[in-house]
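What follows is a short report on a single structure.
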């Protein structure tokens, strides 16, 4: 009986201590779609492409974000389909232009225009940021927390104000 308990503990520990890499621009790659508020009549412009500065490979999300015409966002989004309740949060390696950005998550229960989001600040230097799943709130009801049993899409978003977005993303994983 004691041996079975030890084996169970080791299996549980390795599952909960592991991470799931979404994209590291190396051996794990996601398929990304770049989307702007143009789909709803806005005038924001999105650019999303890969760069290599010799030390890091990374994606760059950039473009002017405008709240004109009921707009105000650009984003890069990828589909994921897995149970996230074994993870504590999302870890990203990013740098930017001293602005706030967001991670948006969609579940099977969210409509296409709804999402769960968490905000982060991107400084000029590379940094690793952990966003706990408990920090994500629902777009329609900020008091409703994320049901992380199933995640179907992840977006990196510049949103909500007029500014020139520039965000570099070198790694995204669930931890």
Region 64-98 - residue that is surrounded by fewer than 17 Cβ atoms within 10 Å (Cβ to Cβ) and in a strand (DSSP E or B) and, of those, nearest to the chain's Cα centre (by Cα): 78
Could you tell me which residue of region 120-175 is modelled with the lowest pLDDT, considering only residues that are within 21 Å of residue 18 (Cβ to Cβ) and loosely packed, with under 14 Cβ neighbours inside 10 Å? 149
Pull out all pairs, ordered by first then second residue, where Cβ-Cβ is under 6 Å, the residues are six or more apart or on different chains, the first lies in region 129-156 and is at negative phi and without any contact (Cβ under 8 Å) to a residue 40 or more places away in the chain, and the second is crowded, with 16+ Cβ neighbours inside 10 Å and outside any strand (DSSP E or B). 136/146; 139/115
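The values are calculated or read from the model by the stated rules, or taken from the named source; none is laboratory data. These figures come from a predicted structure and were not determined experimentally. Cβ coordinates were reconstructed from backbone atoms using ideal geometry, including for glycine residues, and neighbour counts include every protein chain displayed.
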